[in-house]
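Visitor: Got a structure for you, written out below as structure tokens; questions coming shortly.
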Amino acid sequence: MREAGAATLVFGPGDVGHAHAVDEHVSLREVADVAEVLVATARLLLGGSAAERRAGRRLLLRGRSMLMG
């Protein structure tokens, strides 16, 4: 995709350095955190009630702070 000039993003649990390796593993906490951010993104982008959109924004900000360390 990137070679074709499309913007790409890698987002998910675990360390990309361990991806598809024999010892690949992720914590369940990381999986749950990523799931929360994906649900928040869907709520924000797909609409729903104003309360759902606010909740989505809050979760996205939390996800962003997790990524930034």
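Visitor: Please tell me if residue 60 is farther than 11 Å from residue 13 by Cα and either of a type outside the set (S, T, N, Q) or modelled with pLDDT of 75 or more (or both). Spell out the reasoning first.
Guide: Numbers: farther than 11 Å from residue 13 by Cα: yes; either of a type outside the set (S, T, N, Q) or modelled with pLDDT of 75 or more (or both): yes.
Answer is yes for this residue.
Visitor: Looking at the range 1-28, which of the residues that are among the β-branched types (Val, Ile, Thr) and at pLDDT 80 or above is least open to solvent (accessible area, probe 1.4 Å)?
Guide: Taking the candidates together, the pick is 26.
Visitor: Taking only pairs six or more apart or across chains, which ones have beta-carbon atoms under 6 Å, a first residue in the range 32-59 that is at negative phi, and a second residue that is of a type in the set (Lys, Arg) and in a helix (DSSP H, G or I)?
Guide: Qualifying pairs under 6 Å: 44/53; 52/43; 56/43.
The values are calculated or read from the model by the stated rules, or taken from the named source; none is laboratory data. None of these values were measured; they are calculated from a predicted model. Quick reminder, even Gly has a Cβ in these numbers, built from the backbone with ideal geometry, and neighbours come from all protein chains shown. Side chains included, ligands, DNA and RNA excluded: accessible areas come from the protein's heavy atoms. Shrake-Rupley method; radii C 1.70, N 1.55, O 1.52, S 1.80 Å.
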